[in-house]
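Remarks on the structure that follows.
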Amino acid sequence: MFTYAIRRILIAIPMILIMALFTFLLMQKTTGNFYDLLRMDPHISAEYIHKYEQLYKLDQPLLVQYFEWVKNLFHLEFGYSFYYNIPVVNVIGGRLWNTFILSFSSLIVTWGLAIPFGIWAALRRNKAVDRVIQFCSYLALSTPSFFLAMLLLYFASRTGLFPLGGMHSAHYEELSWFGRRWDLLKHLAIPVIALSVASVGSLQRIMRGNMLEILHQQYVTTARAKGLPESKVIYRHALRNAINPLITLLGYEFSALLSGAALVEIIVSWPGLGTLMLTAVRSKDIYLVMASFMMGGILFIIGNLFADILLARFDPRIRYE
Amino acid sequence: MLLNVKNLTVKVARTGQILVNQVNFDLNAKEVVAIVGGSGSGKTTTAMSIVRLLDPSLEITGGSISFNGNNLAAFNNQQMRHIRGRDIAVVFQEPLYAFNPVFTIGYQINEVLVYHTDLSRRQRQTRIPELLDIVGISDPQRVKNHYPHQLSGGMRQRAMIAQAIAADPRLIIADEPTSSLDVTLQARIIELFQKLKEELSLSILLITHDLGVVGHLSDRVAVMTGGGIVEFGPAAQVLKTPKAEYTLELMEALKF
Amino acid sequence: MNKPIKHKSRSPLGSAFNAFKRNKLAMAALVVLSALYLSAIFADFLAPYSFKNEDRAYSYAPPTPVHFLHEGKWRGPFVYGITIHFDQFHRRIYQTEKNQMYPVKFFVEGDEYRFLGISFSRHLFGVPEGGRILFLGADSRGRDLFSRLLYGGRVSLSIGLLGVAISYSIGLLVGGIAGFYGGKVDEILMRVCEMFMMIPGFYLLLALRAVVPADFNSVQVYFAIILILSFIGWAGLARIIRGMCLSLREREFVLAARAMGLSDGAVIVKHILPHTLSYSIVAVMLSIPGYILAESGLSLIGLGIQDPYASWGNLLAEAMSIVQIRFAPWILLPGLFILVTVMCFNIIGDTLRDHLDPRLSKEK
């Protein structure tokens, strides 16, 4: 099990390097003009420009530049944001964390709803409850998260139930510890709902499908033949197997959430990686764009890694191959 | 008489199609009764109805299943649960699919002990390797921590049998227990069943299409076709001098 | 002399259609989707105004009701004129002028457009000069939302098809080769796919968009977006196709073809790929929504199709302001159209897949 984890981590490292390479090549398309443009901007001091030109050895051949770039990455030197006027690394950290909170909360809500609904629908197959859930799922998974976010904002504006975007209220600093958590939750509500609905729709259907398939498996009959209570048959024997394919999906799930989160973040003004990236793209702040991009990619790779290891933990067939 | 099945009828609920038609047979303590037939003859359905493990689309519409003085056909689910695993256990055909792939062998046998015996945790921990040993698995301490896919086919089938005898049942229903094994392994399993019948005073209801197994293991045999029993009697007699036409056909077809 | 037995042809298409006839929901989805695509193709004709036609006097005008009776007398379909006043809060009040009547005429002359290279100016319906028929209200510049929705459909619906077409072609190539040859080739190609799938889509979209030169005109942006979407999307399709090819490789008809001496390429193209067709169609159907959503998302934040061209995404951009939604809720309609389109594709894709699955298990 430990060796399996190490193996997966080792595979992740070249992935990250390739991501870095890709990002680097992408940057090459624009950095040339980028520095010229910067020189023309009166707000930016010549020393900064010079410092970064030195740092990235822009006068050297591409390969050397690439190695400098990667080396700098490991020192957490991501370049300079000319829009915010501070090194990128100072901007990214907090944003990364905020996006993570959002994506992770959505993941929990998604799983928390999809699995029970999926099981429920499978156990009451083709009855009224199942049909209703199925239709709602179609509707849910077809709803664009950004559209839902807009609708929710509109709804919030009319009812005042939720804050209209952002992450903290104006008076956040004055709140108690408890008050702050509650404030955060209120602000999380709209983006998390917007993000989760579509995921719940699709995950629920998959869960239902898995459950239905597993309930026909021989080992479920065996469990009954052993005289186990029905609850154990379903929630221990069947469920454990039905969930495994979902854990495989966890990796892609997380990436989809990350990706979707970016757009939703922008709409509700949640200060995360997505909003950061958008500002960066709009202001052509290249280093910020690339760093955000890399961060997104790394979050994804780590998420997948986690899912792989989780799967091995839950499915012995993978562990012992 | 341990088990007495009288006029058992099983139909498909929606269409009324009859799968088991007024079947009669009985089984005594320490006896092996085999039910033979081709596929679709209703033998598995008959056996599964005894423990009420039928597909939800089927229902028992008539007859009685007398076991230990009770009519199982009249039991509700709760009552059936107490019978299954404890008084009547099932050994399935393909142990790779019959075992849950994500739990160890030891865990799955342990479940039977937890729900049907009063053994303490410690006692169970010792009992499990004992059971594995009884069925002829060498190195039971190691095997009990293995997952089903890590065992060979023969060992898996033995483990399945260990799971079945764990709660000391009176009757074991064995559904084609040797069909997925090669010939040498088949012989071993038959030997094992013999041994268990003697040592544990077990009765076995054997479902099979293999007349060889019938000859070697069973005391009496019922021949089924089209949902009904055409012949029922002592194994030696039926195989030597079959009375029903179908039995002859079956023996011909299987080159017995 | 025996007559040859006539067999009812059970082509896959035929049996699929039967499945649709049985499932009402799927049939409805098919009809709705066809209607949407037809309306996109004939947008010029169906829309009373060109997408560029603006009139600031009608800024955020509510949907114009079509009346049939004027002062109790039947006059046929018509609309009233509208004038704007401002109240003390500087909010717009739209006042109907009952003395100005503009009859709704059919097959009228209107804004000129080109269709298949020929100029036309007939529209399905319209009102005479001075009036304005706004079925679904107007946007900030007084442009008819109904017309822009129809034109927007062109962009949003076509990007889906074109993007998938390119992704599918690449996926077919890569997946086919990987699945057919297996072994090392397969491993390497699948690692590459994994790498592409590793990249969070929206971030890549933004990053690539940042690299696209700022002076691209809208048409070039349109194609750039298609290329970017394909660049992200081909990996998923490649994996599906590779899976199919891998399992087909061992089937008898493939071995027979190879035994006959057919080159690898011919075996792939003539024997394996046709069998993947039905599943491919399902995979394609279920991927199109992704492209439509991606383009909408991009356009929504201003990085996609730009004004004055319409796409459902950039139409929704107007709805980003909550204030506007309160007073002009009809600007949320493009979102509804996206939802319905995505839903239809999902329903059709699922129905096809459910239809194929039981057949597949029978084949086994």
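The values are calculated or read from the model by the stated rules, or taken from the named source; none is laboratory data. Computed from a predicted model, the values in this text were never measured in an experiment. Cβ: placed from backbone, ideal geometry, glycine included. Neighbour counts: every protein chain shown.
Out of the residues in the stretch A:276-298 that are more than 9 Å from chain C (Cβ to nearest Cβ), within 19 Å of C:Gly201 (Cβ to Cβ) and more than 14 Å from the chain's Cα centre (by Cα), state the one that is surrounded by the most Cβ atoms within 10 Å (Cβ to Cβ).
Among residues in the stretch A:276-298 that are more than 9 Å from chain C (Cβ to nearest Cβ), within 19 Å of C:Gly201 (Cβ to Cβ) and more than 14 Å from the chain's Cα centre (by Cα), the one surrounded by the most Cβ atoms within 10 Å (Cβ to Cβ) is A:Leu276.
Filtering the stretch A:170-228 down to residues that are within 14 Å of chain B (Cβ to nearest Cβ) and touching a residue at least 40 places away in the same chain (Cβ under 8 Å), which residue is surrounded by the most Cβ atoms within 10 Å (Cβ to Cβ)?
Looking at residues that are within 14 Å of chain B (Cβ to nearest Cβ) and touching a residue at least 40 places away in the same chain (Cβ under 8 Å), I get A:Asn210.
How about the stretch A:304-321: which of its residues are of a type in the set (A, V, I, L, M, F, W, C) and within 9 Å of another protein chain (Cβ to nearest Cβ)?
If the condition is that a residue be of a type in the set (A, V, I, L, M, F, W, C) and within 9 Å of another protein chain (Cβ to nearest Cβ), then A:Phe314 is the only one that fits.
Please tell me if C:Gly233 is modelled with pLDDT of 75 or more, closer than 24 Å to C:Arg353 by Cα, surrounded by 14 or more Cβ atoms within 10 Å (Cβ to Cβ) and within 14 Å of another protein chain (Cβ to nearest Cβ).
Yes; evaluated as a whole, the condition is true for this residue.
Restricting the search to the stretch B:174-209, which residues are surrounded by fewer than 18 Cβ atoms within 10 Å (Cβ to Cβ) and of a type in the set (D, E, K, R)?
Within the stretch B:174-209, B:Asp182, B:Arg188, B:Glu191, B:Lys195, B:Glu198, B:Glu199 qualify.
Condition check: more than 10 Å from every other protein chain (Cβ to nearest Cβ), closer than 29 Å to A:Leu212 by Cα and crowded, with 20+ Cβ neighbours inside 10 Å. Does A:Ala242 satisfy that?
When the stated conditions are applied, A:Ala242 passes them.
Within the stretch C:186-201, can you find the residues that are facing chain A (nearest Cβ under 8 Å) and crowded, with 18+ Cβ neighbours inside 10 Å?
Passing the criteria: C:Met197, C:Met198, C:Ile199, C:Pro200, C:Gly201.
Only one of these is over 23 Å from the mean Cα position of the chain (by Cα) and under 17 Å from A:Thr221 (Cα atoms): B:Val102, B:Val112, B:Val91. Name it.
Answer to the check: B:Val102.
From the list B:Asp139, B:Asp133, B:Asp168, which one is among the charged types (D, E, K, R), surrounded by fewer than 17 Cβ atoms within 10 Å (Cβ to Cβ) and under 29 Å from B:Lys43 (Cα atoms)?
The unique qualifying residue is B:Asp168.
Evaluate the stretch A:98-105: report whether one residue or more is assigned to a helix (DSSP H, G or I), over 16 Å from A:Pro191 (Cα atoms) and not aliphatic (A, V, I, L, M).
So far as the stretch A:98-105 goes, no, none of its residues is assigned to a helix (DSSP H, G or I), over 16 Å from A:Pro191 (Cα atoms) and not aliphatic (A, V, I, L, M).
Can you name the number of the only condition in (1) of a type in the set (A, V, I, L, M); (2) within 9 Å of chain A (Cβ to nearest Cβ); (3) surrounded by fewer than 15 Cβ atoms within 10 Å (Cβ to Cβ) that C:Leu205 fails?
(3)
Every residue, every condition in (1) over 16 Å from B:Val90 (Cα atoms); (2) under 15 Å from the mean Cα position of the chain (by Cα); (3) at pLDDT below 85, yes or no:
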| site | (1), (2), (3) |
| --- | --- |
| B:Leu171 | no, yes, no |
| B:Ser179 | no, yes, yes |
| B:Glu191 | yes, no, no |
| B:Lys195 | yes, no, no |
| B:Ile204 | no, yes, no |
| B:Ile207 | no, yes, no |
| B:Leu211 | yes, no, yes |
| B:Val221 | yes, yes, no |
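Just one of the numbered conditions (1) away from every other protein chain (no Cβ under 14 Å); (2) free of Cβ contacts under 8 Å to residues at least 60 places away in the same chain is not true of B:Pro101; which one?
With respect to (1) away from every other protein chain (no Cβ under 14 Å); (2) free of Cβ contacts under 8 Å to residues at least 60 places away in the same chain, B:Pro101 is out only on (1).
Consider only pairs whose beta carbons are under 6 Å apart and that are at least six residues apart or on different chains; among these, list those whose first residue lies in the stretch C:23-42 and is touching a residue at least 40 places away in the same chain (Cβ under 8 Å) and whose second residue is aromatic (Phe, Trp, Tyr) and part of a helix (DSSP H, G or I).
So the pair list comes out as C:Ala26/C:Phe20.
Does any residue of the stretch B:82-96 turn out to be closer than 22 Å to B:Leu27 by Cβ, more than 11 Å from chain A (Cβ to nearest Cβ) and among the aromatic types (Phe, Trp, Tyr)?
No, because not a single residue in the stretch B:82-96 is closer than 22 Å to B:Leu27 by Cβ, more than 11 Å from chain A (Cβ to nearest Cβ) and among the aromatic types (Phe, Trp, Tyr).
Are any residues in the stretch B:216-246 basic (Lys, Arg) and touching a strand residue (DSSP E or B) at 6+ places or on another chain (Cβ under 9 Å), and if so, which ones?
Hits for the stretch B:216-246 are B:Arg220, B:Lys243.
Among what's in the stretch C:301-353 and is within 11 Å of chain A (Cβ to nearest Cβ) and of a type in the set (Phe, Trp, Tyr), pick the residue that is surrounded by the most Cβ atoms within 10 Å (Cβ to Cβ).
It comes out as C:Trp312.
For the stretch A:89-129, which residues satisfy the criterion of being in contact (Cβ under 8 Å) with a residue 12 or more places away in the chain and more than 25 Å from the chain's Cα centre (by Cα)?
Within the stretch A:89-129, A:Ile119, A:Trp120, A:Ala121, A:Ala122, A:Leu123, A:Arg125 meet the criteria.
Just to be sure, is A:Ala307 among the small types (Gly, Ala, Ser) and either in contact with an Asp or Glu (Cβ under 9 Å, 6 or more places away or on another chain) or modelled with pLDDT of 80 or more (or both)?
The answer is yes for A:Ala307.
Go through the stretch A:245-262 residue by residue and tally those that are within 12 Å of another protein chain (Cβ to nearest Cβ), out of contact with any Ser or Thr (no Cβ under 9 Å at 6 or more places or on another chain) and within 17 Å of A:Gly201 (Cβ to Cβ).
Counting residues in the stretch A:245-262 that are within 12 Å of another protein chain (Cβ to nearest Cβ), out of contact with any Ser or Thr (no Cβ under 9 Å at 6 or more places or on another chain) and within 17 Å of A:Gly201 (Cβ to Cβ) gives 2.
Can you tell me which residue in the stretch B:64-81 is farthest from the other protein chains (Cβ to nearest Cβ), limited to those that are surrounded by fewer than 19 Cβ atoms within 10 Å (Cβ to Cβ) and assigned to a strand (DSSP E or B)?
So the residue we want is B:Ser64.
From the set of residues in the stretch A:135-162 that are surrounded by fewer than 16 Cβ atoms within 10 Å (Cβ to Cβ) and polar (S, T, N, Q), which is farthest from the other protein chains (Cβ to nearest Cβ)?
A:Thr159
Keeping to the stretch C:81-113, report how many residues are touching a Lys or Arg at 6+ places or on another chain (Cβ under 6 Å) and at pLDDT 80 or above.
Residues that pass the stated criteria total 1.
Does the stretch C:270-283 contain at least one residue that is at pLDDT 85 or above, surrounded by 19 or more Cβ atoms within 10 Å (Cβ to Cβ), touching a helix residue (DSSP H, G or I) at 6+ places or on another chain (Cβ under 6 Å) and within 14 Å of chain A (Cβ to nearest Cβ)?
For the stretch C:270-283, residues at pLDDT 85 or above, surrounded by 19 or more Cβ atoms within 10 Å (Cβ to Cβ), touching a helix residue (DSSP H, G or I) at 6+ places or on another chain (Cβ under 6 Å) and within 14 Å of chain A (Cβ to nearest Cβ): absent.
Name every residue in the stretch A:167-184 that is more than 18 Å from the chain's Cα centre (by Cα) and within 22 Å of A:Leu96 (Cα to Cα), in order of residue number.
Once the filter is applied, which keeps residues that are more than 18 Å from the chain's Cα centre (by Cα) and within 22 Å of A:Leu96 (Cα to Cα), the stretch A:167-184 yields A:His168, A:Ser169, A:Ala170, A:Tyr172, A:Glu173, A:Arg180, A:Arg181, A:Trp182, A:Asp183, A:Leu184.
Which one of these is among the hydrophobic types (A, V, I, L, M, F, W, C), in contact (Cβ under 8 Å) with a residue 60 or more places away in the chain, assigned to a loop (DSSP other than H, G, I, E, B) and away from chain A (no Cβ under 14 Å): C:Leu162, C:Leu134, C:Leu124, C:Leu172?
C:Leu134
Please pick out the residue among A:Ile301, A:Ile267 that is away from chain B (no Cβ under 14 Å), within 19 Å of A:Ser196 (Cα to Cα) and in contact (Cβ under 8 Å) with a residue 24 or more places away in the chain.
A:Ile267
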